[in-house]
Every structure is written in C-alpha cells, then in structure tokens.
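Below you'll find the structure, written out as structure tokens, and then a few comments.
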Amino acid sequence: MATTTPFPRVRGRRFGYDVEEVEDFLAAARAAYDDKRTNPGVSAADIRRTAFSMQRGGYATAAVDAALERLEDAFATRERDRVMRGSGERAYYAEARTLAKEIIARMDRPDGHRFDRVGALALGYRTKDVDRFAEQVRAYFEEGAPLSVEEVRAVAFRPAHRGYREAQVDLLIDGLIEVMLAVR
C-alpha cells in the first residue's frame, strides 16, 4: 500500500528505512488513531518498539524517527485521556507512580548489579554506560534533575562482553518513557 509521505529519501547507495514498511505502518497507525474503540490495535508502546528494515534509497531515518516520536506522543496522550475517562485520574496516576517506584528501585541498586548480565561470549550493553544513565534517571526522580523524553529515546549504549542483558535495559527504558509521557 503506497501513499504519499513527506519523508525525504536517502540518495545514492545509502540505506534508509524500507519505504513500503514505513508506509504500511503509518497507514495502520492512522487507522488505529481514527478508530474510536477502546483498544484500536496500535498503542504508544507499539510505536516506540517499531523497527523497520533497511533498503538502499529508503526513507531518511532521522525524519521517520522524528515523526514516530510525535506519533507516539499523540497516542500516549490519547491513551492517557481514555484511561482517565474510564478509571479516573487518581487510578491513572497511581499506576504511573507504581511503575516509577519499580524504576527507582532498580536504579537504586549498586553499579554493576542493576540488571542481569550476559555470558562471556555474548554481547550486552556496557555496564558503565548503563550505570551512568541510571544515575541520571535516579537524579531525575529523586532530585528533579532535568531529563527529557527525547534524551531517553536517544540514549545509546556501547556493546560489551558480560554486559547488561539488553532486553531488561530496553524494557526499563520503555517503562521510563511511559512514566514520563504520563506526567507530561
């Protein structure tokens, strides 16, 4: 399903996001956003976890990523409004507080012990990189230090043998973004 989109394409032999995958996903997201049912089939978390294949001459990744971030924000706002209408504001924020407490508890663990580690032959996220970021997250929650959703979305960790298990770290980052969007 090809539609017109405002994304620039990369030039020459460079790689960008697969055009058809991007357009199909955006069409599904558009339909889900227009769907007035309680569970439209696409959520802010789905958008955050979306990944596209790469192809020569595809869409410029930075432009698509920026659009996905705006789309995620729109879905998160709509989801928050739906939950507040259904369960009430108090219940919505109680759920966000519970998730925040879980994140804080993980961040309060000592350096090198915040997440499970991969074996010597596997690659995970470099523990020092993650621990440094964990300190920023802890300061955000406990001291009100500045940390934006954009900074969290952009965080990258170097690979390392015996590093932290990527899936656990990624899940925490997803939860952090969810909490930050909830209280925006």
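The values are calculated or read from the model by the stated rules, or taken from the named source; none is laboratory data. Please read all numbers here as calculations on a predicted model, not as lab measurements. Glycine gets a Cβ as well: all are built from the backbone with ideal geometry, and neighbour counts include every protein chain shown.
Hey, any hits in the stretch 101-114 for a residue that's assigned to a helix (DSSP H, G or I), touching a Lys or Arg at 6+ places or on another chain (Cβ under 7 Å), not assigned by TED's automatic domain parsing to the domain that holds ASP65 and not aliphatic (A, V, I, L, M)?
yes
Tell me whether the stretch 65-78 contains one or more residues that are in contact (Cβ under 8 Å) with a residue 24 or more places away in the chain and in a loop (DSSP other than H, G, I, E, B).
no
Check ALA96 against each of (1) closer than 19 Å to ILE177 by Cβ; (2) exposed (fewer than 14 other Cβ atoms within 10 Å of the Cβ) and name the one condition it does not meet.
In the conditions (1) closer than 19 Å to ILE177 by Cβ; (2) exposed (fewer than 14 other Cβ atoms within 10 Å of the Cβ), ALA96 misses (2) alone.
Could you check how many residues of the stretch 122-135 are free of Cβ contacts under 8 Å to residues at least 12 places away in the same chain and either under 18 Å from the mean Cα position of the chain (by Cα) or not assigned by TED's automatic domain parsing to the domain that holds LEU172 (or both)?
Here the count works out to 0.
Counting just the residues of the stretch 99-121 that are surrounded by 14 or more Cβ atoms within 10 Å (Cβ to Cβ) and of a type outside the set (Lys, Arg), which one comes out farthest from the chain's Cα centre (by Cα)?
Residues of the stretch 99-121 surrounded by 14 or more Cβ atoms within 10 Å (Cβ to Cβ): 99-100, 103-104, 106-107, 114-115, 117-118.
Imposing the further condition that a residue be of a type outside the set (Lys, Arg) reduces the set to 99-100, 103-104, 107, 115, 118.
Numbers: LEU99: 15, ALA100: 15, ILE103: 15, ILE104: 18, MET107: 18, PHE115: 18, VAL118: 22 Å.
Within the stretch 99-121, the match that is farthest from the chain's Cα centre (by Cα) is VAL118.
Do the conditions hold for ALA67, that is, is it surrounded by 15 or more Cβ atoms within 10 Å (Cβ to Cβ), in the same structural domain as GLU143 (by TED's automatic domain parsing) and of a type outside the set (D, E, K, R)? Before the answer, list the steps.
Details: surrounded by 15 or more Cβ atoms within 10 Å (Cβ to Cβ): yes; in the same structural domain as GLU143 (by TED's automatic domain parsing): no; of a type outside the set (D, E, K, R): yes.
Spelling it out, it is not the case that ALA67 is surrounded by 15 or more Cβ atoms within 10 Å (Cβ to Cβ), in the same structural domain as GLU143 (by TED's automatic domain parsing) and of a type outside the set (D, E, K, R).
Those residues that are surrounded by fewer than 18 Cβ atoms within 10 Å (Cβ to Cβ) and of a type in the set (Ser, Thr, Tyr), I need them from the stretch 129-184; list them, please.
SER148
Just for the stretch 30-49: of the residues that are of a type in the set (Val, Ile, Thr) and buried (at least 18 other Cβ atoms within 10 Å of the Cβ), which one is modelled with the lowest pLDDT?
Going through the stretch 30-49, the residues of a type in the set (Val, Ile, Thr) turn out to be 38, 42, 47.
Adding the requirement that they be buried (at least 18 other Cβ atoms within 10 Å of the Cβ) leaves 42, 47.
Details: VAL42: 83, ILE47: 90.
Only one residue fits best here, namely VAL42.
Can you name the number of the only condition in (1) modelled with pLDDT of 90 or more; (2) surrounded by 18 or more Cβ atoms within 10 Å (Cβ to Cβ) that ARG56 fails?
With respect to (1) modelled with pLDDT of 90 or more; (2) surrounded by 18 or more Cβ atoms within 10 Å (Cβ to Cβ), ARG56 is out only on (2).
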